[in-house]
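Q: Let me begin by handing over the structure; questions about it come next.
The values are calculated or read from the model by the stated rules, or taken from the named source; none is laboratory data. On a predicted model such as this, the values are computed, not experimentally measured, just so you know. Virtual Cβ from ideal backbone geometry, glycine too; neighbours counted across all protein chains shown.
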Amino acid sequence: MDQNSRLEEIYDPAEDTFLLLEAALLEANISDSAIEIGCGRALISCELAKKVKSIIATDINPHAVRLAKDRGINAIRADLFRGLKARFDLIIFNPPYLPTTIEEKLDGWINFAFDGGENGKDIIYRFLEQVKDHLSPEGRSLLLISSLNGFEEIREKARAEGLIVKEVAGAKFFFERLSIIKIQSVNNNTKY
């Protein structure tokens, strides 16, 4: 597969990416060990690498992992946290959040960048169920969500998983409002 064909299989940074990048750069500390889940073209990972102690990028899409490595980022192929045992100070995730019916599924690896399941929350809920096990004692996560997902439902799911959620950024785009939520474990002593 040539370079252009591979790029067509990887999510092209858009408004959601740039909103999350801006929030991540404000949140990042020089002492952070960071991970970007679902790195896509690795724009966020590349920018964060300049501001944190260490960063690793993951993606389920093998083309995204190859591109991240080509850009100098330590990257591995993973479905969310599968195979990872480490804890991180900063976890960044721009999940596939679009409600997607079977008829709307795309061919190829690019589908993983968009397909959030029938209600748009399938991957988000899986992330919320796993993130606590990968946060350092003072760790925090930034998660992008859409008004299409239902902020209150996501907040309730996070609470049920022992997490604290606070919106730290947001913007209206086209047919949706995008929000960046900061997630921490209830056991974390950091105050908002």
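Q: Among Ser5, Ser45, Ser33, which is the only one that is of a type outside the set (D, E, K, R), surrounded by fewer than 21 Cβ atoms within 10 Å (Cβ to Cβ) and touching a residue at least 12 places away in the same chain (Cβ under 8 Å)?
A: Working: Ser5 fails: touching a residue at least 12 places away in the same chain (Cβ under 8 Å); Ser45 fails: surrounded by fewer than 21 Cβ atoms within 10 Å (Cβ to Cβ).
Criteria check complete, one pass: Ser33.
Q: Counting just the residues of the range 93-109 that are in contact with a helix residue (DSSP H, G or I) (Cβ under 7 Å, 6 or more places away or on another chain) and in contact (Cβ under 8 Å) with a residue 60 or more places away in the chain, which one comes out surrounded by the fewest Cβ atoms within 10 Å (Cβ to Cβ)?
A: At the first step, the residues of the range 93-109 found to be in contact with a helix residue (DSSP H, G or I) (Cβ under 7 Å, 6 or more places away or on another chain) are 93-98, 100, 105-106, 109.
Going one step further and asking which of them are in contact (Cβ under 8 Å) with a residue 60 or more places away in the chain, we end up with 94, 109.
Numbers: Asn94: 27, Trp109: 18.
Of everything passing the filter in the range 93-109, Trp109 is surrounded by the fewest Cβ atoms within 10 Å (Cβ to Cβ).
Q: Using the structure shown, decide if Leu90 is modelled with pLDDT of 95 or more and either buried (at least 17 other Cβ atoms within 10 Å of the Cβ) or within 24 Å of Ala49 (Cα to Cα) (or both). If you could, list the steps in order and put the result at the bottom.
A: Values: modelled with pLDDT of 95 or more: yes; either buried (at least 17 other Cβ atoms within 10 Å of the Cβ) or within 24 Å of Ala49 (Cα to Cα) (or both): yes.
When the stated conditions are applied, Leu90 passes them.
Q: Checking the condition part of a strand (DSSP E or B) and surrounded by fewer than 17 Cβ atoms within 10 Å (Cβ to Cβ), which residue from Glu129, Glu167 passes? Give the derivation first.
A: On the way: Glu129 fails: part of a strand (DSSP E or B).
From the options Glu129, Glu167, the qualifying one is Glu167.
Q: I'd like the full set of residues that are within 21 Å of Gly108 (Cα to Cα) and not small (Gly, Ala, Ser), limited to the range 26-68.
A: Answer for the range 26-68, where residues must be within 21 Å of Gly108 (Cα to Cα) and not small (Gly, Ala, Ser): Ile37, Cys39, Arg41, Thr58, Asp59, Ile60, Asn61, Pro62, His63, Val65, Arg66, Leu67.
Q: If Ile55 meets every condition in (1) of a type in the set (A, V, I, L, M); (2) surrounded by fewer than 21 Cβ atoms within 10 Å (Cβ to Cβ); (3) at pLDDT 85 or above apart from one, which number is that one?
A: (2)
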